[in-house]
Each structure stands twice: as structure tokens, then as C-alpha cells.
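The values are calculated or read from the model by the stated rules, or taken from the named source; none is laboratory data. Nothing here was measured: the structure is a model prediction, and the numbers come from that model. When we count neighbours, we look across all protein chains shown, and the Cβ atoms used for this are built from the backbone with ideal geometry, even at glycine. To get the accessible areas, we keep the full protein, side chains included, count just its heavy atoms, and leave off ligands, DNA and RNA. Shrake-Rupley method; radii C 1.70, N 1.55, O 1.52, S 1.80 Å.
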Amino acid sequence: MTAPSLELIGFTKRFGAMAALDDVSVKIEAGAFHALLGENGAGKSTLVKCAMGYYAADQGQILLNGREVEIAHPRQAHELGLGMVYQHFTLVPNMTVLENFVLSRGDLPAVIDWTAERRALNAFFETTPFTVPVDVPVADLAAGQKQKGEILRQLYLKRNLLILDEPTSVLTPDEADEVLTTLKKLTTSGQITIVTITHKFREVNTYCDAVTVLRRGQLIGTKPTSELDNDRMAEMMVGRRETRTVVERETRPPGKAVLKLEGLSVADNVGQLAVEELALEIRAGEIVGIAGVSGNGQRELVETLAGQRDLEAGRMLVHGEVYTATRPEMVRHKIACLPEEPLRNACVADMSVAENIALRSFDQPPSSPDGIRLRRSPMRETARKLIEAYKVKTPGPDAAIRGLSGGNVQRAVLARELSSEGDLLIVANPCFGLDFAAVAEIRARIVQARNRGAAVLLVSEDLDEILQLSDRIVVMFDGKLALQTDAATAEVGAIGRAMAGH
Amino acid sequence: MSTGIGTALERIAVSALALLASAVIFGLLLILYAGVDPFEAYALMYQGAFGSWFSFQNTLTRAAPLILTALCTALPARLGLIIIGNEGALVLGGVAAAAAGVAVAASGPLVTNLAMAAAAMIVGGAWIALAGGLRQYRGVNETISSLLLTYIAIALMNHFVEGPLRDPTSLNKPSTPPIGDANMLGTIGGSDVHWGLAFGIVACLLCYVVQRFTTFGFAMQVIGGNPKTARMMGLNVGRYVLIACAAGGAAAGLAGMVEVAAVHGKANASLAVGYGFTGILVSFLARHHPLAIIPVAILLGGIGASGGLLQRRLDLPDAAVVVLQGIIFVCILASETLYGRSWTWLWRFRAAEGR
């Protein structure tokens, strides 16, 4: 395989009145490791989706190896050797790697000779820099191996231009380094060309040759990485030097216990205990960070606290009263949640921005004078104020929330959850997939809530986030607490070992 | 509300397209199978449904139970449930109404009718709430369970009508004792259309007001839109499921009461003539919108009413209109895939044609 070059010329794509891309041109050299940088909603995903044929661009030309090609459908992109690896896995979990790879080929015969296919795949794996087990169901692979499988599949399908959409967001730093290092080798040896969408400057600095920055659908520029430093990249992304608004942490003794978990056990979707007899206390004015590799019961814990999952045993106390996640209790104790993937977990995609912002308060004045009648104009008025205060970019309060970019959906959820000044804030991976300006803003608001006296439970797969924000750190492993420590005296090595189950 | 005028237009356009497609398919069947001119058939259908005051009253009389049974699907649909047990709630509602009517027949028409309506709504509501409860608390698919409950309901009706509630004088067709002419539900001022139509229209208006102007309706929309989010907001999903199913079942039960109190005067196997099943079709064709249910029910009531005329004039089998209803249902289900598509391809196609 030889790496192709790709040139996108004059791409424009409008969604209604909004220009997601406005005359964007990018040249990607053969064998480059090329980064696409930009804030959420800058147009990175739109650009690569146009190149892959998922979207029909309003205008734009594609040159592959200098020759004009037409890509109106993903199938055409695949035939030309373009492949895409997504943030989330697309391999079928209950099929083996071999089955997944063979399945994804376009030319399946009516009867498949599995012995020959296995031999062929093993032979192919002889030539690749890394491999994955052939006969293991994908569901049994670790996240890093799954991501490698996704990449290997693209190579197996003879794709020599890979577009990666935040490929490392589900990996540990070590796994990310391993995957990126091998990809880097493939590009330097001229076998493939890579375009990667990312938010992580570290990865850009270490692995990428060139960077293209987009901002609000406009091309800001393409530069070799060697000419850029972090400050310069940040400036290109947001258009100004970042003025860090980190809220100063007030030091004061934490107050009374707000949330208390006693012997909490929760089952996962298949009925196995994901959280086992967990005991934890969170006091007013402290942030307790729960660290851990994903899949150790954090998600089930958060869903139970948020009211989305029933508990098997034990109990939850808020302000000393038993808490069963009913609406009256949530209103009385002022409980707020910021889950990951807010569009899926905390919004109704088909309803408007205003209606989504009103989800906590639609049965309270002023939206409802008596809990029965619904008044839409005060609802819209409240939403309008919050949209402004939290800088949600939306065509208007009546636009459907599913049309907003990820960062703006999270801002709308923030507006809803934080405007009530809650006593207990439950936060899970709040910055997942967001650009650094949004990240800084969200973290500042979480610390603000803590300074105001709220008890905050922060679950995150990002250890840096935990270390930066927490007053106390707890490590979860296999559904149990593996370690509890004060953030000030925390030893990162001990946390890392506890996360790995030592 | 997020539903803009564009979406409303899209809904109407897609439904109209599905109806048109059904008319074409049915027309082809008429030509190929029966050798009948479809245009003549459709002209006759129009005449039999809407052509005269007499036929229009017949249509409205048929539309009344359809409006009520359609709500049995439309209300739970707001929560994302697909309930198709309308017929079961209707027949059990009819039996309960007949039993209650006979029990209090001596207390005057108003009391009798109220008692009949209450009995029908309670039984019909409980029946569909059972399907909702099975879904919410035992994980049983509500579509399957409500359909199977219908067969149980029809068997129960036969049991009661032929056994404990049978009028000994009903020889050829086992029935409950008549509620008495004095207790029959009257007609709306001077027409032949009974009050059941008014019940249906009022029920639809009520449902619309609840869905649009109350917190209860808003919560229903949240649950139907994303149950996970609804739980995070602390909404008691189970309660809403039970209430919506019970309300829908009550509407279908009321349809059974109307059939007994305004048409048959007693409960017997004539209750199970398919108003419940056609109600499913009405609800889907109306996109589960309570106000759209009214005109759609009148349209389908008209199709049903025209069956007799087709039989007499064109010698078509009585079931011809049922075939048409079936074709409409398939087309409506198939048209679901057309929603939310960009229609630009259509314009591009036209532009290419123009060249």
C-alpha cells in the first residue's frame, strides 16, 4: 500500500441558515499524520463526513492523489481507499474479530470458507505492527484492543487513508500512546495517510506533522506542527489568548454530610452486581472525585444516584433522609446531574431547547402556577435568559436540541442543572469530547458550585480532571472502593495502582 | 413546542401520500381481480359515505366508536408504547355496560347511562392498564400482550353472554337482557347520529388540552421522547404508563358502552366487529394526534359505510372495504420511513427532468 494525498477544495455546507462549513480548503500530504483542530461546532466532523460521502456538500471538490474524484456515498469513499474510525466502536460485540472483519467486506460469497478466511487473516496479521486475538468475541476485548481492531479492520479492507474521529477518547494514556505510535510508524513508512480529529494538544505535538484549525465553519489555517506551540494553537482555535478563569478554590472545612451511601449494591444490565456494598459520604462544600478505569461500576453508580437505575440493596441518604430518586425529593434536596453524553442521557432530542431547559422546573412556578397547568411563554422567557447566561449557541429557544453541537447541548444541560443552585451535584465525565474552552468553563462552574457549598460527586475517566478538581479522591475497582485519600496528599502512583486493582 | 409548521405539513403530506398509494393499489386490485372500473368504485364509495345526508349520518355513526377506540392506541403512543388491544377493551366495556345497565335499569335513563359508562370505562381501563403494568413491571412486550388480551377478552365476552349474563329468551344469538328502550342513548338533535360521536369528540379535545396545556402532558412527552431522561427528572414513569393505558382503555370501553346503549341495546357477539382494530388504523393514520383522529375516523367510518353500496352495485364482496383498510394500514406503516428525510432529491429529480 502507498499513502495517497488528499485535497479538499472550497467545501461549503449549510444546515438551514447556519453555515457549518464556509469555503474550507485543506491539503493533506501523502503519508502525513494530519490533525484537525477546532472547538465543538467548528465544522471538523462536518468536513470529514463530507469527504466520506455521508453528507452531500453544497460545494466542494475532492482531489485524491491530484486527480478529481466524486464521492457521493460512503461506498465510493471506501472503494477509493478512504476509511473512517469513530470515537465509539463499530465492531459487532458478540461476533469474533474474524467474523467482524470478514463481515465488513463488500464481496461476501454465499458460503464462507472460514478455514481459508482465518488463514488469510492470520497471514495479514503477520504484516501489521500490532494484532488482536482472532477468535475472541469483540465484547471480551479491552477498549484499547477494540480500537486497534477498528484500525486493523480499515487496513484489512485495504484503506490507505484513515480518518480518525477522536480515536483516543476511550483509551487510557498508555493505550493511546501505543496505538498512536504504531500509526505514526505506518505513516512515516509511507503506507497510509492519517487525518485525526482531536482535542488533545499533547497528541498533536507528539504525533502530528501538520495541523488544520477550523473555527465556526471557517478555515483559520494549516501549519506544520513544528511552527506551532500550545499557546499559538489555542489562539488559532478560539481566536484570542485564553484568559483562564479558574475559580479560586476557597479553603474551608467541609460542612455537614449531604449524601451518604450505605451498603449500596447495584446490578448492571445483565443482572451482575456492578456496585457492591459501597459506603461513601460527601459533605457540603467538597468535591469527591471517583477515579477508575471505565467499566468498574461508576456508570451504574451514577445512574442509581440520578434515578435511572434501581438499587439491589443498601440505601442512599440525602440530608439524613432516605432518598429514592423521586421528583419531590429531587426538588426538595435540590439535586442536579451532569451526565456524560447529555443528548442521550439528560435531554429529549426531539423537544426544543426551551423545553429541555425546563425539564427540572416545568411543574414549578412560573412555568406552572399550580403544578397542573403549563404556561409556555414564561418557560420560553426563562430559557432565553439561561441561553444567554450560559452562552448556548442555538438558532433560538424553539429549535430542536438535537440540532445543537455537543458542547452546546452540554451548556444547555448546565444551564438547567446549575441555575437552581443545587445542594448535591452529580457529575459524570462532564467534559467528554468537548474543546478546552468549554472544558475550562464547565470545570469553573463545578468549582463555583462547590465554593457556594454544594456537595459534588465527580466521576471521571480523566485522571487529570479528578486531580485538578477534587478535595477527596476515591478509586473504584470492580464495584468496590479500592482507595480513599485526600487530594492534597494524594500520591498519583497509589491511585494508578488502585485503578489497576493492586 | 418543537413541532413547527414544516413538520405538521410533512405529516399531512406523508399521510396523504400513503392514502393515495393505497388507493392506487386497491384500484389495481379491483381491475385485475374483480374486473371493476376503480373510478366507478371510488365514486360509489364517495356516494355511500358522504354523498347524501343519510349516508353521511351512517358514516358519523360508524366514526363514533372509531374515535374512541383510536384513543386507546394514541394515548399510550405518547409514552412510546404501542397498544393494539383496543378491541378487547371495547368488548369487555360493552359487556360491563350491559350488565350495569340491566342492574340499574329501573332508576331512569340518566342514572342508567352514567352507570353503564362508568362500568365500561373502569373495565376497559383496567384491561389496558394490565398490559401497561405487565410492560412496566414485568418487561412483557405491550404490543403482544395487549393483542393476546384481546382474544381473552372476546372469549370472556362469549362466556358471559352465553353463560351467567345470558337472556334466556335470546335463542339464536345469545345476548344479555336488553337495557330497555327508555334507557337507550339518544340521538343528537334531529339527526340519526347518537351521542357517542359527541363523547368521542369531547374525549379527543380533552386529550389535546391535557397533552398541550398541562404538566402531565409535558411529562408524557418527556417519557415518550427519552425514558432515561424522564427517570433522571424523577418522573414516576410507571404511574404515567398506568394512567395513560387506563385512560386509553377507558375510551375504548366507552366505545363498547356506546355500541350497547345506542345501537344494540344489549351485549352480544356483534360487539366484536372490528371497531377496535380499525381504531388502531385510525390512530396511526392520525399520527396519534388527538385532533387528527376526528377527521380520520370520519374518513374510515365512511369507507366502512360504503361497503354495502359496493356490494349491491358492483357485486363486490362485503370484505372489499376491509381489504382497502388493510392496504391503507400497510402503506401507513411503510410511510413511516419517509419522515425526517430531506426532500431535496425530489427537487433535484425535477430539475434533471426539466433539462
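Table for the structure above
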quantity	calculated
Qualifying residue in the range A:425-440 (condition: in contact (Cβ under 8 Å) with a residue 24 or more places away in the chain and more than 18 Å from the chain's Cα centre (by Cα))	yes
Exclusive hit being crowded, with 24+ Cβ neighbours inside 10 Å and modelled with pLDDT under 95, set B:G108, B:G48	B:G48
Filter result for the condition that a residue is out of contact with any Pro (no Cβ under 8 Å at 6 or more places or on another chain) and under 26 Å from A:R309 (Cα atoms), over A:L359, A:L374	A:L359
Filter result for B:A203 (open to solvent by less than 40 Å² (accessible area, probe 1.4 Å), within 14 Å of chain A (Cβ to nearest Cβ) and of a type in the set (A, V, I, L, M))	no
Some residue of the range A:487-495 being open to solvent by 50 Å² or more (accessible area, probe 1.4 Å) and either assigned to a strand (DSSP E or B) or closer than 22 Å to A:L301 by Cα (or both)	no
Pairs with Cβ under 6 Å, 6+ apart, first in the range A:76-99 and farther than 28 Å from A:A51 by Cβ, second open to solvent by 50 Å² or more (accessible area, probe 1.4 Å) and assigned to a loop (DSSP other than H, G, I, E, B)	A:T96/A:D135
Selection from the range A:393-425 of residues that are under 18 Å from A:S361 (Cα atoms) and part of a strand (DSSP E or B)	A:L424, A:L425
Hey, A:A116 free of Cβ contacts under 8 Å to residues at least 12 places away in the same chain, surrounded by fewer than 16 Cβ atoms within 10 Å (Cβ to Cβ) and not in a loop (DSSP other than H, G, I, E, B) or not	yes
Counted residues, the range A:328-361 - those being facing chain B (nearest Cβ under 9 Å), farther than 23 Å from A:Q298 by Cα and more than 28 Å from the chain's Cα centre (by Cα)	2
Those residues of the range A:330-356 which are under 9 Å from A:V413 (Cβ atoms), among the aliphatic types (A, V, I, L, M) and part of a strand (DSSP E or B), in sequence order	A:L338
A:P365 vs. criteria at pLDDT below 90, over 30 Å from A:R252 (Cα atoms), within 14 Å of chain B (Cβ to nearest Cβ) and not in a strand (DSSP E or B)	yes
Every pair of residues 6+ apart whose Cβ atoms lie under 6 Å, when the first sits in the range B:223-237 and is more than 7 Å from chain A (Cβ to nearest Cβ) and closer than 14 Å to A:L343 by Cα while the second is modelled with pLDDT of 95 or more and buried (at least 20 other Cβ atoms within 10 Å of the Cβ)	B:A230/B:V222; B:A230/B:I223
Filter pass, B:L235 being farther than 30 Å from B:V104 by Cα, in a helix (DSSP H, G or I) and either open to solvent by 10 Å² or more (accessible area, probe 1.4 Å) or among the hydroxyl-bearing types (S, T, Y) (or both)	no
Filter result (at the interface with another protein chain (Cβ under 9 Å from one of its Cβ atoms) and open to solvent by less than 30 Å² (accessible area, probe 1.4 Å)) within the range B:210-220	B:T214, B:T215, B:G217, B:F218, B:A219
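Here is a yes/no grid of residues against (1) farther than 18 Å from B:R312 by Cβ; (2) in contact with a Lys or Arg (Cβ under 8 Å, 6 or more places away or on another chain):
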| residue | (1), (2) |
| --- | --- |
| B:S15 | yes, yes |
| B:L20 | yes, no |
| B:G27 | yes, no |
| B:I31 | yes, no |
| B:G35 | no, no |
| B:A41 | no, no |
| B:F54 | no, no |
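Okay, residues lined up against (1) open to solvent by less than 10 Å² (accessible area, probe 1.4 Å); (2) of a type outside the set (S, T, Y); (3) assigned to a helix (DSSP H, G or I):
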{"site": "B:Y240", "(1), (2), (3)": "no, no, yes"}
{"site": "B:A247", "(1), (2), (3)": "no, yes, yes"}
{"site": "B:G256", "(1), (2), (3)": "yes, yes, yes"}
{"site": "B:S270", "(1), (2), (3)": "no, no, yes"}
{"site": "B:G279", "(1), (2), (3)": "yes, yes, yes"}
{"site": "B:I293", "(1), (2), (3)": "yes, yes, yes"}
